[in-house]
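Here's the structure we're looking at; comments come further down.
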Amino acid sequence: MTTAYKTVIGLEVHVQLLTRTKLFCGCSTKFGLPPNSATCPVCLGLPGSLPVMNRRAFDLGIRAALALNCSINKFTKWDRKNYYYPDLPKNYQISQYDLPFSYEGWLEINVAADPKKDYVPKRVGIIRAHLEEDAGKNMHDESGRGGDSKVDLNRTGTPLVEIVSKPEMSSPAEAVAYLTELRLLLRELGVSDCEMQEGSLRCDANVNVHIPQADGTVAATPLVEVKNLNSFRAVERAIAYEAQRQYEEFQKTGQRFGDVAKATAGWDDARGQTRIQRRKEEASDYRYFPEPDLVPVTVDDAYLEEARAALGELPIAQRARLKSDFGLSVYDADVLVRQGRASVTYFEAVAAGSGDAKAAVNWIANKLLQTDGAMEKIPAERLVGLLREQKSRGLTKQIAEQVFDSMLADGEDAATVIGKLGITAVDELTLVDIIRKAIEANPKAVEDYKKGKVAAAQRIKGAVMKETKGAVKPDTVDAMLATELAKL
Amino acid sequence: MTGVNRTAADLIAAQQAGESAESIVTAFLDSIDSRESKVRAFLSVDRESALEQARDVDTRRKSGKPLGLLAGVPVAIKDVLCTRGQVTTCGSKILEDFRPPYDAHVISALRGADAVIVGKTNMDEFAMGSSTENSAYQVTRNPWDLDRIPGGSSGGSAAAVAACQAPLSIGTDTGGSIRQPASLCGIVGLKPTYGRVSRYGLVAFASSLDQIGPFSHDVTDSALMLEAIAGHDPRDSTSVDRPVPKYSNSINEPVGPLTIGLPREYFGEGLDPEVESAAREAVRVYEKLGAKVVEVSLPHSRYAIAVYYLVATAEASSNLARFDGVHYGHRAKDFDGLIDLYEASRGEGFGPEVRRRIMLGTFALSSGYKDAYYLKALKVRRLIKGDFDAALRTCDVIMGPTAPTAAFRVGEKADDPLAMYLSDIYTISCNLAGFPGISIPCGWTRGGLPIGLQIQAGPFEEEKLLRVARMHEQATDWHLRRPTL
């Protein structure tokens, strides 16, 4: 697909950290508590109260930043961002301004035209990641009767890490790939549960387009920050809509980047439109200054080394290893990695135990991951057992899946299930006997076969398979049946 | 000393000799009652609660249970410290009915020491002022001359001790708000090192400068009080985790050899001659005790007031943003929309000096001005601290007058903020540097007004500071004077 313009996208992602308590006080961060029940003098911003940093939140922030290949500031401080809003009881937010705890990193995403088939890596740059406290929630009377607005301060003070990318994504699909990879990474590391519905992952997109001109130059349109993006699908649609809108507006106005200030737009998911809310020149001056109630945080090399070591294998490395060590396809490796570390480890155990990586990934992708909790009910060594039985007994796919389902339902191993189902091993002499009986019982098929209708043998084979309950290898049956038919 | 003229140490000894805490507290409550119409030091007095605390001390003493350091000693609290369930106004209309759901660290510490909290004292609104005239409620008078101000912003706490309404009180000092009123009221006032006393529950004016400290008749009592309130508090990240010395144990040991630094900048233009001669006389007392005197220089102190009014107002503009009429405190009756709710509530709730400082601070932090004002001020602040470090390499303590003049008349500087700001000229640098300072009485003017000597030392050198101050006290009797009311 060729278009008349190139889309340029940078994402600002806010992620709630998985701490039990808030960033500067001991209140719970649990979602869905009764309004204003998880509050104290500190997060209510009562006079005289003082913040105390939650070390766990800082550690999680460091973990995220290291996984995003960021440089870490060994001296970092807190700043106040001043603005008035009822969901911000102090009327300033404790954030980080000129010395964020981390900066300059990257996240690798797959930008292949068909990401199921190919892996084409692209590094999206990260400008910075910093920590800040969340605001509460204002709830307005939407009945139109003009009732008082209400404020819920449960969320006030919840720790957030804000991750700002460089404007290095060039399509809505890349933006979604970035978010998908970021979410996987942060969930894997226990940094955040990244639930967009619950607001633990929020995303704003900075969008403009570059339009090649007849004279060989490229015109950039004014920047728009799109907010209120509540799903990955919304991110994708909003960016596509906004890019096209900017392109069309440029055709009409000719306005370029720099001609007007950056604007903020809201995404209306129901209408499928962005709507410009305000130009940034009307926006407030946040009057940042160092937070005098908190001390700067310093980190040393030993701490960073420990944090780095605790990261473990990140998704990007897992994919590469699954490909190189097990020969998995891009698609198969991705299926496993996206399910998280537990399924990768599970796969490795099954592949090693069974000696058949392809069979292992097929079983995991097609059966195991389709059922919640299957991994706990069928531990890796039991799936290895099933794969072994299947191979040695020559079980058909259908029979093996029947065994799997019983294993899942009853929590038993493959051999036990096979015994229960009456799938017994068939030796060669018995098989010959069964084949001969099947030939006798199907004279019409034999006749057809003799007339040269080779496919008629399949009818006899079907009878053999039925009799043996599938406990023989189909190609063995094919070969022996051919021998017996030749004798006639 | 007898009756309410006694010090905390006297009262502790009296109780050990059989006098009841209840009778002591009753005497001070009666003193508040009889003198309050003249002094107006208190914004609230809780007689019943005070007597109950006193009786509890007596009961425990009788049953031989262990008692705290300040058992049965009445203490007055500046109304900027949160007291659980009791109105805490900060001298402002905006918090007229505000009852905090918790006690400040200092309050918990005093309760833990079995001190008896008798009431909350008047102050300049949000601790912004040098005369206590900026209170939204009343004008406190100087017990030595009722036509004059007691200093500020902790004027109520200083006047309460000077007028013998309480032997001890708590003040806060952001630019001199303990030392200057102590000087003007003829008592002892100590600003500890920044981080020595937890600010938890202190309604912030300028967070990087605010410290809490004692007022008392003499140095020994300040040592006792500091011992009770100092120490690490995990709820205040800026509170420092260092052991607290038993200040009262070593208080009578003179420091020797002692080198005193006299900053030439503290003896220049604007210094009242009577104040200067009293301060120089105090230094001679030390010389007689064997101290060596050297001249030192604090060259950047001439920028101190400018730096202070940028840093303190910048922080204040942010600290006071929370008083918006939305969650607690004064809310305007009539408003049209959210912005108007903010403007009307704050416009009605804050007095003129607070509004002025919020505007100054907002301006100093504004984009386009922040570099020239706020950030430049932070740089000069470091230079000012550097001056102190350098000076203290050549001497043990720095001495000079606490304030350039004795107490001025009520209304005299009320319309001239700059003149008012200059009364903190010698005290402000100490806050910018974060160092401890004490003011002790060192003389009286011919007109009968007290004069204070300021002594400053290095960070966490309160023990030395108190011992040096005590040397002067042992050689003089200024600390024994009480006003006639």
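The values are calculated or read from the model by the stated rules, or taken from the named source; none is laboratory data. Everything numeric here is computed off the predicted structure, so don't read it as measured data. Counting neighbours? That spans all protein chains shown, and the Cβs are built from the backbone with ideal geometry, glycine included. For the accessible areas, the whole protein counts, side chains as well, though only heavy atoms, and no ligand, DNA or RNA atoms are used. Shrake-Rupley method; radii C 1.70, N 1.55, O 1.52, S 1.80 Å.
Looking for whichever is surrounded by fewer than 13 Cβ atoms within 10 Å (Cβ to Cβ), more than 27 Å from the chain's Cα centre (by Cα) and over 30 Å from A:Asp79 (Cβ atoms) here; the options are A:Asp301, A:Asp259. Which one fits? Quick ask: steps written out before the conclusion?
Values: A:Asp301 fails: over 30 Å from A:Asp79 (Cβ atoms).
So the residue among A:Asp301, A:Asp259 that is surrounded by fewer than 13 Cβ atoms within 10 Å (Cβ to Cβ), more than 27 Å from the chain's Cα centre (by Cα) and over 30 Å from A:Asp79 (Cβ atoms) is A:Asp259.
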Within the stretch A:396-407, track down each residue that is open to solvent by 10 Å² or more (accessible area, probe 1.4 Å) and touching a residue at least 40 places away in the same chain (Cβ under 8 Å). A:Thr396, A:Gln398, A:Ile399
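For (1) assigned to a helix (DSSP H, G or I); (2) at pLDDT 95 or above; (3) farther than 26 Å from B:Ala312 by Cα, each residue gets a yes or a no:
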| site | (1), (2), (3) |
| --- | --- |
| B:Thr88 | no, yes, no |
| B:Ile94 | yes, yes, no |
| B:Pro100 | no, yes, no |
| B:Ile107 | yes, yes, no |
| B:Arg111 | yes, yes, yes |
| B:Ile117 | no, yes, yes |
| B:Met123 | no, yes, no |
Output for the stretch A:179-237, where each listed residue is in contact with a Ser or Thr (Cβ under 9 Å, 6 or more places away or on another chain) and assigned to a loop (DSSP other than H, G, I, E, B): A:Ser192, A:Asp193, A:Cys194, A:Met196, A:Gln197, A:Ser200
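For the condition of a type outside the set (Asp, Glu), closer than 24 Å to B:Ser108 by Cβ, open to solvent by 10 Å² or more (accessible area, probe 1.4 Å) and touching a strand residue (DSSP E or B) at 6+ places or on another chain (Cβ under 9 Å), what is the one hit in B:Ser208, B:Ser169, B:Ser157?
Matching residue, one of B:Ser208, B:Ser169, B:Ser157: B:Ser208.
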Residues of the stretch A:66-92 satisfying the condition of being part of a loop (DSSP other than H, G, I, E, B) and either in contact (Cβ under 8 Å) with a residue 60 or more places away in the chain or more than 10 Å from chain B (Cβ to nearest Cβ) (or both): A:Leu68, A:Asn69, A:Cys70, A:Asn73, A:Lys74, A:Lys77, A:Trp78, A:Tyr83, A:Pro86, A:Asp87, A:Leu88, A:Pro89
Any idea how many residues of the stretch A:285-339 are out of contact with any Asp or Glu (no Cβ under 7 Å at 6 or more places or on another chain), in a loop (DSSP other than H, G, I, E, B) and within 30 Å of B:Ser237 (Cβ to Cβ)? 11
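Tally time: how many residues in the stretch B:211-249 are among the hydrophobic types (A, V, I, L, M, F, W, C), open to solvent by less than 10 Å² (accessible area, probe 1.4 Å) and within 14 Å of chain A (Cβ to nearest Cβ)? Explain how you work it out, then say what you get.
Of the residues in the stretch B:211-249, the ones among the hydrophobic types (A, V, I, L, M, F, W, C) are B:212, B:215, B:219, B:223-226, B:228-230, B:240, B:244.
Checking the rest, the ones that are also open to solvent by less than 10 Å² (accessible area, probe 1.4 Å) come to B:212, B:215, B:219, B:223, B:225-226, B:229.
Adding the requirement that they be within 14 Å of chain A (Cβ to nearest Cβ) leaves B:212.
Qualifying residue count for the region: 1.
I'd like to check which helices (runs of 4 or more DSSP H) are fully inside the stretch B:389-477 and have at least 1 residues that are among the aliphatic types (A, V, I, L, M) and open to solvent by less than 10 Å² (accessible area, probe 1.4 Å).
Details: elements: B:417-421, B:428-433, B:462-475.
Because the criterion is at least 1 residues that are among the aliphatic types (A, V, I, L, M) and open to solvent by less than 10 Å² (accessible area, probe 1.4 Å), the helices (runs of 4 or more DSSP H) in the stretch B:389-477 that meet it are B:428-433, B:462-475.
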Which one of these does B:Ala321 not meet: (1) within 8 Å of another protein chain (Cβ to nearest Cβ); (2) open to solvent by 10 Å² or more (accessible area, probe 1.4 Å); (3) not acidic (Asp, Glu)? (2)
Restricting the stretch B:113-138 to residues that are more than 17 Å from the chain's Cα centre (by Cα) and more than 17 Å from B:Ala50 (Cβ to Cβ), the residue that is nearest to the other protein chains (Cβ to nearest Cβ): B:Ala136
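Select from the stretch B:46-60 the residues that are out of contact with any Leu (no Cβ under 7 Å at 6 or more places or on another chain) and under 27 Å from B:Val219 (Cβ atoms) and write down the one among them that is surrounded by the most Cβ atoms within 10 Å (Cβ to Cβ).
Kept after step one, since they are out of contact with any Leu (no Cβ under 7 Å at 6 or more places or on another chain), are these residues of the stretch B:46-60: B:46, B:48-49, B:51-56, B:58-59.
Now drop any that are not under 27 Å from B:Val219 (Cβ atoms), which leaves B:53-54.
Numbers: B:Gln53: 22, B:Ala54: 26.
In this case the residue turns out to be B:Ala54.
Yes or no: the stretch A:143-151 includes at least one residue that is open to solvent by less than 50 Å² (accessible area, probe 1.4 Å), closer than 30 Å to A:Leu68 by Cα and within 14 Å of chain B (Cβ to nearest Cβ).
Start the filter on the stretch A:143-151 by keeping residues that are open to solvent by less than 50 Å² (accessible area, probe 1.4 Å), which leaves A:147, A:151.
Now drop any that are not closer than 30 Å to A:Leu68 by Cα, which leaves none.
Checking the stretch A:143-151: not a single residue is open to solvent by less than 50 Å² (accessible area, probe 1.4 Å), closer than 30 Å to A:Leu68 by Cα and within 14 Å of chain B (Cβ to nearest Cβ).
Against the condition closer than 25 Å to A:Thr298 by Cβ, more than 10 Å from chain B (Cβ to nearest Cβ), among the hydrophobic types (A, V, I, L, M, F, W, C) and under 31 Å from the mean Cα position of the chain (by Cα), how does A:Leu33 come out, does it pass? Step through it out loud before you land on a result.
Details: closer than 25 Å to A:Thr298 by Cβ: no; more than 10 Å from chain B (Cβ to nearest Cβ): yes; among the hydrophobic types (A, V, I, L, M, F, W, C): yes; under 31 Å from the mean Cα position of the chain (by Cα): yes.
Judged against the criteria, A:Leu33 is not a match.
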State whether one or more residues within the stretch A:210-228 are surrounded by fewer than 17 Cβ atoms within 10 Å (Cβ to Cβ), among the hydroxyl-bearing types (Ser, Thr, Tyr) and farther than 18 Å from A:Ile9 by Cβ. yes
Just need a number here: residues in the stretch B:156-196 that are farther than 17 Å from B:Ser439 by Cβ and either within 14 Å of another protein chain (Cβ to nearest Cβ) or hydroxyl-bearing (Ser, Thr, Tyr) (or both). 2
Which residues, taken from the stretch B:1-42, are assigned to a helix (DSSP H, G or I), open to solvent by less than 50 Å² (accessible area, probe 1.4 Å) and hydroxyl-bearing (Ser, Thr, Tyr)? B:Thr26, B:Ser31
Just a yes or no: is a residue in the stretch B:302-317 more than 9 Å from chain A (Cβ to nearest Cβ), surrounded by fewer than 16 Cβ atoms within 10 Å (Cβ to Cβ) and at pLDDT 95 or above? yes
